[in-house]
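The values are calculated or read from the model by the stated rules, or taken from the named source; none is laboratory data. Keep in mind that this is a model prediction, so the values were computed, not measured. Reconstructed Cβ throughout: ideal geometry from the backbone, glycine too, with neighbour counts over all protein chains shown.
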Amino acid sequence: MRLVLAAIHLEASPRAVPLGPAMLASALKRAHPEAVQTRVLDLFLKQSAADCADQILASNPDGVGFSLYVWNRALGREIAGILRARKPSLLLFAGGAEASADPAGMLAEGWLDLVLPGEGEEILVAVVGALLRGDPLEAVRRTIRPGLVQDLGSLPSPYLDGTLDPSAYTGMLWELSRGCPFRCDFCFESRGTAGTRRVPMDRVKAELRHFEACSVSQVFVLDPTFNFDQRQAKAILRLIAAEAPAIHFFFELRSEFIDTELAELFASLRCTLQIGLQSADDAVLRRISRTIDPEDFEAKVLLLHEAGATYGFDLIYGLPGDTLTGFCASLDFTFSLAPNHVDIFPLSVLPGTRLQDTAPGLGLQHLPEVPYTVLASPTFSAADMAAAARLAAACDRMYNQGRAVPWFALVLEALPLSPSELFERFAAFQADHSEADTTALQVAFFDHCFHGRAEGPVAADLVTYFGRSGALLEAPGEDHPAPAPSCLASFHHDPRVLLDLLEAGVTDLGQLASLLPANPCQARLNREGEEVCLHLIDAGSAGPEDATGR
């Protein structure tokens with residue numbers, strides 16, 4: 001039997017690794033080594049269905065399996081239609097979050113022969129075994145039940161058995177657990193599971209050593225509550241420090257389980273941390289089976305900040321009982337904690353979640369199909385959702401894309417505005433300006449905000465330096481090329497003096513303006529290793545920030 005297991009990725013990126021299909025392929029390789037030949041295939045959302053079908057049929061398979069999620073369900077269905085027309089005998093089956101959440105509904109759509117809900121390794125092995133014995137398809141379908149793999153150590157590793165070659169990808173996905181100890185209404189992770197099952201440490205160590213041997217540069221850890229088991233989390237971090245200190249890791253955390261030792265371990269590694277805040281309002285969070293103690297959250301994040309760890313937050317707008325004003329308050333709380341990155345999403349009512357069951361009673365109006373986004377609620381109108389979306393886009397452009405972490409609080413205090421007010425103004429400003437270069441747009445925006453005040457040119461110089469130097473240091477990915485080794489930028493003051501004053505602890509924009517003599521100049525910024533060096537090349541003739549940065 002020849003099978004193709006297709007992963008339809010959202011986009012080409014370091015996260016685009018077909019770990020799910022590879023786990024299935026490993027299980028089949030061990031259970032049916034002679035009878036089944038499996039090909040794991042990477043497809044992408046931007047591809048046409050016809051192109052995807054051509055790639056699948058190039059292997060002349062007997063069966064095709066899809067890993068279906070919110071972003072790829074429609075394309076999967078379209079591909080399957082072409083496959084069915086071109087090779088009617090193909091066995092078509094699917095697993096993944098969408099299949100697990102609504103197996104009966106997906107089967108009823110008529111484009112799949114089999115739907116495999118739950119964790120698929122043991123189910124697929126049993127299904128393929130039955131088909132190899134010649135069992136009728138209808139009989140096989142009746143035996144399928146959602147299942148959990150109780151012992152994750154019983155599964156073969158697709159990395160260690162050669163199914164998935166880390167050197168073929170720009171990043172790696174690393175599964176350390178399944179399930180979740182929490183019961184957030186909007187999330188499918190814990191539905192139908194009892195607690196968390198973790199990968200045993202001997203396999204963790206073997207896979208980590210394999211990543212290091214394959215020169216993997218970044219690893220995205222698949223564990224939504226990595227630090228829930230603090231003892232194991234600390235053991236893994238110490239193992240990383242000993243075995244793979246050069247790899248950059250991405251972890252998801254719960255703030256409640258951060259302590260000083262953990263913060264220091266994170267800070268000692270190359271890693272980025274993401275914490276699910278969602279809202280700073282405890283009353284809102286309780287409606288979705290979460291809680292928050294803002295003072296405790298702030299104290300735990302302060303441990304990360306003081307240790308020097310890199311951390312970011314997730315926020316959701318449109319939550320039951322929340323308002324646009326409440327969302328803005330959560331934004332203000334978020335940015336008071338100096339995150340390195342903030343991701344903001346609209347609420348989605350995902351199939352199979354408790355929120356799907358309670359949405360009618362909560363008055364949530366949402367899209368009935370992918371991506372299931374909330375459109376309005378009794379407390380969050382459609383107009384408010386649109387306003388929140390504009391704020392989210394402005395935050396991403398100014399703060400994340402704009403590399404604003406080093407200067408954001410400094411500039412904000414000088415205006416003075418709350419973060420949400422600043423993002424609201426920036427949203428209106430960028431709607432009227434088509435500047436494609438984010439740094440140049442920020443410079444123009446703050447020139448507008450300061451209305452000729454002395455702080456304006458200082459703000460422009462800060463934005464210019466950190467924007468251009470940050471771009472030089474940015475790691476390349478599949479969706480963007482390697483950055484240039486240098487660029488030319490214009491400043492209102494000598495940037496070396498500005499950086500010296502910051503290093504000396506001067507963090508008031510007005511004080512910086514009074515200490516910095518006017519000195520229009522140009523400087524070349526050169527990347528040298530992991531640092532950017534400044535070389536002043538012209539003074540007295542440069543104008544404001546050059547939009548190209550070159």
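A few notes on this one:
- The residue that is nearest to D343 (Cα to Cα), among those in segment 376-419 that are in contact with a strand residue (DSSP E or B) (Cβ under 9 Å, 6 or more places away or on another chain) and assigned to a loop (DSSP other than H, G, I, E, B), is V405.
- Residue in segment 94-107 that is at pLDDT 95 or above and not charged (D, E, K, R) present: yes
- So S289, is it outside any helix (DSSP H, G or I), in contact (Cβ under 8 Å) with a residue 40 or more places away in the chain and either within 24 Å of L350 (Cβ to Cβ) or not assigned by TED's automatic domain parsing to the domain that holds F380 (or both): yes
- Count of segment 70-110 residues, restricted to those that are under 25 Å from T353 (Cβ atoms), of a type in the set (S, T, Y) and surrounded by fewer than 19 Cβ atoms within 10 Å (Cβ to Cβ), is 0.
- When residues in segment 115-150 are screened for being assigned to a loop (DSSP other than H, G, I, E, B) and either at pLDDT below 90 or over 27 Å from the mean Cα position of the chain (by Cα) (or both), 8 of them pass.
- Remark: pairs (first residue in segment 96-107, polar (S, T, N, Q); second residue in a helix (DSSP H, G or I); Cβ separation under 7 Å; 6+ apart in sequence or on different chains) are absent.
- Counting the residues of segment 14-59 that are among the hydroxyl-bearing types (S, T, Y) and in contact with a strand residue (DSSP E or B) (Cβ under 6 Å, 6 or more places away or on another chain) gives 2.
- Complete set of residues in segment 327-373 that are in a loop (DSSP other than H, G, I, E, B) and among the small types (G, A, S): S336, A338, G352, G363
- Selection within segment 347-375 - at pLDDT 95 or above and either on the phi > 0 side of the Ramachandran plot or not assigned by TED's automatic domain parsing to the domain that holds F186 (or both): G363
- Residues (in a loop (DSSP other than H, G, I, E, B), out of contact with any Asp or Glu (no Cβ under 8 Å at 6 or more places or on another chain) and within 18 Å of I123 (Cα to Cα)) located in segment 1-35: H32, P33, A35
- Every residue from segment 213-270 that is among the aliphatic types (A, V, I, L, M), under 19 Å from the mean Cα position of the chain (by Cα) and not in a loop (DSSP other than H, G, I, E, B): V219, V221, L222, L253
- Condition met for F182 (modelled with pLDDT of 85 or more, surrounded by fewer than 19 Cβ atoms within 10 Å (Cβ to Cβ) and assigned by TED's automatic domain parsing to the domain that holds A241): yes
- Among residues that are aliphatic (A, V, I, L, M), part of a loop (DSSP other than H, G, I, E, B) and closer than 20 Å to L43 by Cα, L112 is included.
- Verdict on D62 being over 31 Å from the mean Cα position of the chain (by Cα), more than 18 Å from E121 (Cβ to Cβ) and either among the aromatic types (F, W, Y) or surrounded by fewer than 21 Cβ atoms within 10 Å (Cβ to Cβ) (or both): yes
- Residue count for segment 87-101 satisfying the condition of being in contact with a Phe, Trp or Tyr (Cβ under 9 Å, 6 or more places away or on another chain) and assigned to a strand (DSSP E or B): 4.
- Residue that is nearest to T325 (Cα to Cα), among those in segment 383-433 that are charged (D, E, K, R) and crowded, with 18+ Cβ neighbours inside 10 Å: D384
- Qualifying residue in segment 470-478 (condition: under 30 Å from T323 (Cβ atoms) and either surrounded by 20 or more Cβ atoms within 10 Å (Cβ to Cβ) or not charged (D, E, K, R) (or both)): no
- Failed condition for V199, given (1) within 23 Å of G20 (Cβ to Cβ); (2) surrounded by 18 or more Cβ atoms within 10 Å (Cβ to Cβ); (3) out of contact with any Lys or Arg (no Cβ under 9 Å at 6 or more places or on another chain): (3)
- Number of the exception - A283 against (1) part of a strand (DSSP E or B); (2) aliphatic (A, V, I, L, M); (3) in contact with a Gly (Cβ under 9 Å, 6 or more places away or on another chain): (1)
- Exactly one residue out of T260, T272 is within 16 Å of F228 (Cα to Cα), surrounded by fewer than 22 Cβ atoms within 10 Å (Cβ to Cβ) and hydroxyl-bearing (S, T, Y): that is T260.
- Among (1) farther than 22 Å from R15 by Cβ; (2) crowded, with 20+ Cβ neighbours inside 10 Å; (3) more than 23 Å from the chain's Cα centre (by Cα) - the single one T163 does not satisfy: (1)
- Condition met for A382 (out of contact with any Gly (no Cβ under 9 Å at 6 or more places or on another chain) and under 30 Å from S100 (Cβ atoms)): no
Each row is one residue, and each column tells you yes or no for (1) in contact (Cβ under 8 Å) with a residue 40 or more places away in the chain; (2) of a type outside the set (D, E); (3) farther than 20 Å from S13 by Cβ; (4) assigned to a strand (DSSP E or B).
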residue	(1), (2), (3), (4)
A53	no, yes, yes, no
I56	yes, yes, yes, no
S59	yes, yes, yes, no
W71	yes, yes, no, no
G76	yes, yes, no, no
A80	no, yes, yes, no
A85	no, yes, yes, no
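- Within segment 62-69, at least one residue is charged (D, E, K, R), assigned to a loop (DSSP other than H, G, I, E, B), under 22 Å from D135 (Cα atoms) and touching a residue at least 60 places away in the same chain (Cβ under 8 Å).
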